[in-house]
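First up is the structure itself, then whatever we jot down about it.
The values are calculated or read from the model by the stated rules, or taken from the named source; none is laboratory data. Being a predicted model, the structure only gives us computed values, none of them experimental. A quick note on method: Cβ atoms are made from the backbone with ideal geometry, for glycine too, and the neighbour counts reach across all protein chains shown. Areas reflect the complete protein model, heavy atoms only, side chains present, ligands, DNA and RNA absent. Shrake-Rupley method; radii C 1.70, N 1.55, O 1.52, S 1.80 Å.
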Amino acid sequence: NFSYVENTKVLQDINLTINKGDKIAFVGESGGGKSTLVDIIIGIYRPQSGNIYIDDKLLCENNIKSWRQKIGYIPQSIYLSDSTVSDNVVFGRSYDEGKIIDVLKKANIWDFLKTKDGLLTKVGEGGIQLSGGQKQRIGIARALYGNPDVLVLDEATSALDNETEAKIMDEVYDASTDKTLIVIAHRLSTVERCNKIYHLEQGRLI
């Protein structure tokens, strides 16, 4: 159970198991609790009652940092600094050129970058030099760079047209074959390749 303010439960009686390698989707109307539930799973919020266990270990202050390091998060709006593609992928972590190219290939943007300045391609302020789909692909590459066990897409394709969204979701599924994937989406077409789809309505799994 979880609430932001007293006596108003955002999540009620949630009980679920996610297995390693599952492709999970949370769907439902805005305000239904999808993002809050995922924020609790990845350790941004703590449940007010109930617990989260990872491999039978209770998620707590002692291990939450190492749990977060296993998660790659792709939001709807990707923050890009006015710098190079490689800077935006590495994002303050240690620089490994081979690894950067590998994740850009997995995110299906490397061929495009080779027609520009490769890793030194400038993205412009807020990624103004890139299309919406290309920005999301940089976001995917950034998430994959940490080699996460769990990949989370939070409405990550909702601002894209249907064709671009379908392409990017195919790329995400291909890039996450050996990972656990958690997708928050409005459109069922976004999540049709998930093996479990949970519908959240007014804070309950239905």
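Phi-derived couplings, Karplus 6.51 cos²θ - 1.76 cosθ + 1.60 at θ = phi - 60°, listed residue by residue for region 181-186: 10, 10, 10, 9, 8, 8 Hz, with x used for Gly and Pro.
What does the accessible area per residue of the chain come to in Å², with a 1.4 Å probe and no ligands, DNA or RNA counted?
Per residue, the chain has 54 Å² of solvent-accessible surface.
Each of Gly31, Ile42, Ile52 was placed along the dipole of region 1-60 (beta-carbon charges, centred on the mean Cα), and the one lying farthest toward the positive end is Ile42.
Quote the relative contact order of region 32-147 in percent (integer), defining contacts as alpha-carbon pairs under 8 Å separated by 6+ residues. Across region 32-147, relative contact order equals 31 percent. Each peptide among 49-60, 84-95 gets the average number of other Cβ atoms lying within 10 Å of its residues, and from highest to lowest they stand as 84-95, 49-60. Only protein heavy atoms count here; on that basis, with a 1.4 Å probe, Thr17 has an accessible area of about 90 Å². Across region 152-158, coupling constants 3J(HN,Hα) worked out from phi with the 6.51/-1.76/1.60 Karplus curve, θ = phi - 60°, read 10, 10, 9, 6, 5, 10, 5 Hz, and Gly and Pro carry x.
Annotation: aspartates and glutamates with alpha-carbon distance below 20 angstrom to Lys57 (same-chain offsets under eight excluded): Asp22, Asp39, Asp149. Per residue, the average separation of C-alpha pairs within less than 8 Å and at least 6 apart gives the chain a relative contact order of 36 percent. By accessible area, using a 1.4 Å probe on protein heavy atoms only, region 101-206 has 46% of its surface on carbon and sulfur.
Take the cross-link list Lys99/Lys179; Lys34/Lys70; Lys70/Lys116; Lys20/Lys114; Lys34/Lys179; Lys99/Lys122 and give me the ones stretching past 23 Å between alpha-carbons. Please report the intermediate quantities before stating the final value.
On the way: Lys99/Lys179 17 Å; Lys34/Lys70 20 Å; Lys70/Lys116 32 Å; Lys20/Lys114 35 Å; Lys34/Lys179 20 Å; Lys99/Lys122 19 Å.
Lys70/Lys116; Lys20/Lys114, as the Cα separations exceed 23 Å there.
If only the Cβ of Lys and Arg carry +1 and only the Cβ of Asp and Glu carry -1, the dipole of the chain around its Cα centre is close to 280 debye.
Let a ≥ b ≥ c be the square roots of the eigenvalues of the Cα gyration tensor of region 104-206; is it rounded (a/c under 1.5), or, if not, prolate (a/b larger than b/c) or oblate?
Prolate, because a/c is 1.5 or more and a/b exceeds b/c.
Of the listed values [x] 17.8; [y] 16.9; [z] 18.6, identify the label whose number matches Kirkwood radius over Cα pairs in Å calculated from this model. Given [x] 17.8; [y] 16.9; [z] 18.6, the calculated one carries the label [x]. Go through region 15-30 residue by residue and turn each phi into a ³J(HN,Hα) via Karplus (6.51, -1.76, 1.60, θ = phi - 60°); whole Hz please, and just put x for glycine and proline. So the Karplus estimates, Gly and Pro as x, are 9, 8, 10, 10, 8, 4, x, 4, 10, 10, 10, 10, 10, x, 5, 4 Hz.
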